[in-house]
Amino acid sequence: MGVFSAFSLEGDTAIVTGGGQGLGRELALGLAEAGADVVVLQRHLEVAEKTAEDIRGLGRKSLALKVDVSNPADVEEMVKIVKEKFGKIDILINNAGVAGWVRAEEMPLEEWNRVVNTNLTGVFLTCQAVGKEMIHQKKGSIINISSISGFIANHPQEQSHYNAAKGGVNTLTKCLAYEWAKHNIRVNAIAPGFVATPMLKIAGEDYLKQWASRNVQKRIADPAELKGVAVFLASQAASYITGHILVADGGYLIW
């Protein structure tokens, strides 16, 4: 296999949770550009359908589904539909996530659960349901979207629930990589720094400037810059990589 062909996803079927907008949209488009057919999951179907339409415009098959990843019934039904429509699942990107800024001493349990249920439990539920299919197939690549917040107490925002959930994603990634290696399933994660997604931009210009000033490159990333990272981890170019948390943060964590 030549080096460039190792990055090809031709003939693969991928699922991207939270794939309708922001970083998830760019990752879904990146997989399609590399040759994969892509199923786009989002809580709001019309958002997912726009990305799916753009993927079909690239000449790939695509399906948009309304799914709440923290709902086990939604996740199980999604896997059933994807199997019926595409016959297999080769790649899973767990990108769906929510955030919030609340001081720990003031955080209602409902707010803790809202973030942890999507950002950690939802990742587990989707890995579990898709992992069963990959075990049966004896192959697969799973990529969980973590964050630099899984390594540090990110600041000045107060978000202990978000940081704890992302730290959990990092450890879950390693555990699943160990458990499923014997089934020829690779499980890795991408830990982005600050990326110019709609969720980040609502913080305002002052915060964006603070965050940009703290990394080596002195800027916020464009979501499209993560496409190549995802394609690499999904592809045979990364065939000897599993249990790895790939940090893509402009140098934020080197200080």
Sorting GLY35, THR173, GLY2 by the position of each Cα along the dipole of the chain (Lys, Arg +1; Asp, Glu -1; all at Cβ), the one nearest the positive end of that ordering is GLY2
Between GLN137 and GLU205, with labels modelled 7 Å along Cα→Cβ, what's the label distance in nm to one decimal, could you check?
4.6 nm
Helix 160-180 versus the longest principal axis of the chain: what angle, 0 to 90°, nearest 10, using Cα atoms?
30 degrees
With 10 angstrom as the radius, rank THR17, THR197 by how many other C-beta atoms surround their C-beta, starting from the fewest.
THR197, THR17
Full-extension gain in nm, ARG103 to TYR240, via 0.36 nm per residue minus C-alpha separation:
45.2 nm
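For the stretch 123-229, what Kirkwood radius comes out of the mean inverse Cα-Cα distance, in Å?
One decimal place: 15.4 Å for the Kirkwood radius.
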LYS66: which aspartates and glutamates have alpha carbons under 12 Å from its alpha carbon, excluding same-chain residues fewer than 8 sequence positions away?
GLU46, GLU49, ASP74, GLU77
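What does the charge dipole of the chain about its Cα centre add up to, to the nearest 20 debye, if the Cβ of each Lys and Arg holds +1 and the Cβ of each Asp and Glu holds -1?
Approximately 580 debye in magnitude.
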Based on C-alpha coordinates, I'd like the Rg and Dmax of the chain, in Å.
17.3, 56
Can you compute the charge dipole magnitude of the stretch 127-255 about its Cα centre, using +1 on each Lys and Arg Cβ and -1 on each Asp and Glu Cβ, nothing else charged? Give it in debye, rounded to the nearest 20.
360 debye
Anything over 31 Å Cα to Cα? Flag those among LYS166/LYS218; LYS166/LYS209; LYS182/LYS227; LYS85/LYS201, in the order listed.
LYS85/LYS201
Which one, HIS44, GLY250, GLY18, projects farthest toward the positive side of the charge dipole computed for the chain from Cβ point charges (K/R +1, D/E -1)?
GLY250
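Computed from the coordinates by the stated procedures, all read-outs in this text should not be read as laboratory data. Note that this is a predicted model, so its numbers are computed, not measured. Because the Cβ atoms are built from the backbone with ideal geometry, glycine has one as well, and the counts that use them run over all protein chains shown.
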